[in-house]
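A.B. asks: Following this message is one structure expressed as structure tokens.
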Amino acid sequence: MPVMTLIEAVTQAMDEELARDPRVFIVGEDVGARGGVFRATMGLHAKYGSERVVDSPLAELSIVAIGIGAALADLRPICEIQFADFIHPAFNQIVNEAAKMYYRSGEQWNVPMVIRAPYGGGISGALYHSQSVEAFFTHVPGLKVVIPSTPQDAKGLLKSAVRDPNPVLFFEPKKGYRAIKGDVPEGEYTIPIGPARVARSGRDLSVFAYGMMAHYTTIAAEKVAREDGIDAEVIDLRTLLPVDKGAILESVKKTGKALVVHEDTFTMGYGAEVAAIIADEGFNYMDAPVKRLAGPDVPAMPYSHSMQEFFMPNPDKIAAAIRDLAAY
Amino acid sequence: MAGLNKTTLLDWYRQMVLIRRFEEKCAELYQQGKIGGFLHLYIGQEATGVGSVAALRPQDHAITAYRDHGLALARGLDPKAIMAEMLGKRTGVSGGKGGSMHLASRELNFWGGYGIVGGHLPLAAGIALKAKYNEEDEVVLCYMGDGATNIGYFHESLNLSAVWDLPVIWLVENNGYGMGTAVDRASGQVELHKRAVGYGMKDGGRVDGMDVIAVYEAISDAARYASKNGPVLMESMTYRFQGHSMGDPERYRSKEEVQRYAAGDPIGKFRQTLVEKYKDVAGELDKIEDAVVATVAEAVEYAENSPAPTYEDLVAHVYAD
């Protein structure tokens, strides 16, 4: 299998979907000749032209809303928001229009669209280029929220997102765009939206993560296996909404211990829902309280390198949390 | 009135009276507690709704805000299904999920009422993008109240439509008030159509929104322009005879003002035009009015006899398969 970076997998997925379905088009700021702020659409404008790889004005709400309108009218838009931090002007459109349309129109209209946005910190982007925004949207029935952590998943899940009849928010860990490399199968494949992935099978405890933190958790799990003989199971949630309850419960049934890791802030973060699911439906399996490792409850990730490092979970911090939980 | 035959004009009259009687009945049902929530009546604005929808072809699109009953009726949605929706019944336009403010029909390219002021403007641009993308000869008529021209959606949507030459008619139904705030208290430029200049799009000017034929002609011209050249911003000068919604104490305007406009009732005015143009038409118009009353009564009966949605309906259709 060819090895590629996460962002190359994203580009390839869009390339294949543009080739497959003439209704698919990309719209966003500088997605055309410029190739996007992170170069995710590199080469696509040259191949498909200005009608299908569309530069928009600097106006996030209308990038999303034009996509909703076009999706209602049966096109298949892929809307790019340059940074997840910039998605907030479109919040009303996503929550009030995209998420509710199928429900409120008596099934007359659905919204087959993808909104892609790089998220997350660790790149010295400071407060407005580092945010993790998933928890705002995982609270909204009608949306799907996907965050891949490997090139293989990024490609397969993005292709599924384009074909999904519902609005899919597709958040990409930008720190991993080029840092995460991996095998990607040759030829056509998709990965279904919904099921989590067992990234590492283990029997001592379960760690639930997604995106960059799933990548880091896998590294941390190997480290504690090597250094401490702890056999951690790593579940890459990858689809956050709808949540794969079955995978969460199946894992804790086996291990009896759970740690959730995300770089989004702690309180009311996605980890709270995972913990609640386990408390509610997996209580009898548990040998320890559910632990969470997450960003601190401060308004955003600051610029300074030292503060950024305090904020972000990393393989060492995750390994320490695994050791603590294993020792419980 | 060139090219408009008697049959067409009488049908417009029927539509205007239908909107009026339908909404009067809605007000009654609201007072009886059978319609809940918020009810925004279109009474007074019928000429704008009927004249503008009449200018659209079947392949064209209409999209509006929450004051949507009149446009839904004019576009041809079944009064029975609308009334059932008003009463929150399973047989309603959206199965009782949307209610008064979210009437829509995919089949009729009526993309709905929207509950968030201005939120539908960029969607209209998206629908127009589809027409352009597929090289289809379709026009999107996007209605908004005067209040919607001051929210950010307006700016982004109009700019985008101009940059991409989208076939949209941005039609401001200027009824003088955004809820209770008069236009001159909310907008620096009170002639809202003039903002077209700032976006580099065609200024479609103002039309007398109380004159159904004038509205029809103005929107027909705009539609021809938009389908070939790109967006138009225009204003229909109209007036709502009722409050913003039911229970509005209307402290922001005088009784004299309302009476002055009521004297220019678009239905009465249009009836006068028809009586002057066609001898002995009065009897036909009376018959139309009687038939409309019967249609409304049937709609109410249908709605009242329809079942309420179930728990299964509540939890259904969150995601499309």
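Every number here is computed from the coordinates shown, using simple stated rules; none is lab data. Being a predicted model, the structure only gives us computed values, none of them experimental. Neighbour counts are summed over all protein chains in view; Cβ atoms, including those assigned to glycine, are modelled from backbone coordinates with ideal geometry.
A.B. asks: Give, rounded to the nearest 20 debye, the magnitude of the charge dipole that region A:3-183 has about its Cα centre when Lys and Arg contribute +1 at Cβ and Asp and Glu contribute -1 at Cβ. Display every interim value, and only then the final one.
C.D. replies: Values: 18 positive and 20 negative charges, 45 e Å.
The dipole of region A:3-183 has a size of about 220 debye.
A.B. asks: Mind checking the angle between helix A:60-72 and chain A's longest principal axis? C-alpha axes, 0 to 90 degrees, to the nearest 10.
C.D. replies: Tilt of helix A:60-72: around 70 degrees.
A.B. asks: About its Cα centre, what dipole magnitude does chain A give when the only charges are +1 on Lys and Arg Cβ and -1 on Asp and Glu Cβ, stated in debye to the nearest 20?
C.D. replies: Working: 32 positive and 41 negative charges, 36 e Å.
Around 180 debye, computed over chain A.
A.B. asks: Only four residue types carry charge here, +1 at the Cβ of Lys and Arg and -1 at the Cβ of Asp and Glu. Report the dipole size of region A:197-327 about the Cα centre in Debye, rounded to the nearest 20. Walk me through the intermediate numbers first.
C.D. replies: Numbers: 14 positive and 19 negative charges, 44 e Å.
For region A:197-327, the charge dipole is close to 200 debye.
A.B. asks: While we're here: Of the cross-linked pairs A:144/A:175; A:181/A:317; B:130/B:228; A:155/B:130; A:144/B:89; A:175/A:223, which ones have a Cα-Cα span greater than 18 Å in the structure shown?
C.D. replies: On the way: A:144/A:175 22 Å; A:181/A:317 22 Å; B:130/B:228 15 Å; A:155/B:130 26 Å; A:144/B:89 29 Å; A:175/A:223 21 Å.
Going by Cα-Cα distance, A:144/A:175; A:181/A:317; A:155/B:130; A:144/B:89; A:175/A:223 fall outside the 18 Å limit.
A.B. asks: Determine one quarter of the surface area of the Cα convex hull of region A:197-327, which equals its mean projected area, and express it in nm² to one decimal.
C.D. replies: Taking a quarter of the hull surface, the average projection is 7.5 nm².
A.B. asks: Next up: For a quick check: sort B:69, B:193 by the number of other beta carbons within 10 angstrom, fewest at the front.
C.D. replies: Working: B:69 28, B:193 24.
With the sparsest Cβ surroundings first, the list reads B:193, B:69.
A.B. asks: Quick check: the angle from helix A:245-255's long axis to the longest principal axis of chain A, C-alpha only, nearest 10 degrees?
C.D. replies: Roughly 20 degrees, rounded to the nearest 10.
A.B. asks: Provide B:156, A:51, B:135 in ascending order of the number of other Cβ atoms located within 10 Å of each residue's Cβ, fewest first. Can you show the working numbers first?
C.D. replies: Values: B:156 25, A:51 10, B:135 7.
Ordered by Cβ neighbours within 10 Å, fewest first: B:135, A:51, B:156.
A.B. asks: Right, another one. Cα gyration tensor of region B:171-321, axes a ≥ b ≥ c as square roots of the eigenvalues: rounded (a/c below 1.5), prolate (a/b > b/c) or oblate?
C.D. replies: rounded
A.B. asks: Scan region B:219-317 for GluC sites (Glu not before Pro) in coil per DSSP, keeping those whose Cβ has at most 15 other Cβ atoms within 10 Å, and list them by number.
C.D. replies: Numbers: sites: B:235, B:250, B:256, B:257, B:276, B:284, B:289, B:298, B:301, B:304, B:312; in loops: B:250.
For GluC sites (Glu not before Pro) across region B:219-317 that sit outside H, G, I, E and B with at most 15 neighbouring Cβ atoms in 10 Å, the list reads B:250.
A.B. asks: Only helices at least 15 Å long along their axis, Cα-based, and averaging 0.5 or more on Kyte-Doolittle count here, so list those DSSP H runs from chain B.
C.D. replies: Numbers: long enough: B:6-31 (37 Å, -0.55); B:121-133 (18 Å, 0.92); B:152-163 (17 Å, 0.24); B:212-229 (25 Å, 0.18); B:266-277 (16 Å, -0.56); B:282-305 (35 Å, 0.07).
Those that clear 15 Å and a mean of 0.5 are B:121-133.
A.B. asks: Could you work out how far helix A:151-163 tilts from the main Cα principal axis of chain A, as a 0 to 90 degree angle to the nearest 10?
C.D. replies: It works out to around 50 degrees.
A.B. asks: Okay, next question. Assuming a ≥ b ≥ c are the square roots of the Cα gyration tensor eigenvalues, decide whether region B:6-314 counts as rounded (a/c under 1.5), prolate (otherwise, with a/b larger than b/c) or oblate. Spell out each step's value before the answer.
C.D. replies: Details: a/c = 1.38, a/b = 1.22, b/c = 1.13.
Rounded, because the longest to shortest axis ratio a/c is under 1.5.
A.B. asks: Can you give the Kirkwood hydrodynamic radius for the protein assembly as shown, in Å, rounded to one decimal and based on Cα pairs? Intermediate values should be presented prior to the final figure.
C.D. replies: Working: mean 1/r = 0.0373 Å⁻¹.
About 26.8 Å for the protein assembly as shown.
A.B. asks: For chain B, which span is the longest to avoid every loop-located (per DSSP) member of trypsin sites (Lys or Arg not before Pro) having at most 10 other Cβ atoms inside 10 Å?
C.D. replies: Details: sites that count: B:251, B:279.
In short, B:1-250.
A.B. asks: Still on this structure, please answer the following. Take peptide B:157-167, look around each residue's Cβ out to 10 angstrom, count Cβ atoms belonging to other protein chains, and average those counts.
C.D. replies: Working: counts 6, 0, 3, 7, 2, 0, 3, 4, 0, 1, 0.
That works out to 2 on average.
A.B. asks: Within region A:136-244, report the GluC sites (Glu not before Pro) that DSSP leaves as loop and that have at most 15 other Cβ atoms within 10 Å. Please list the in-between numbers first.
C.D. replies: Values: sites: A:186, A:188, A:222, A:227, A:233; in loops: A:186, A:188.
The qualifying sites are A:186, A:188.
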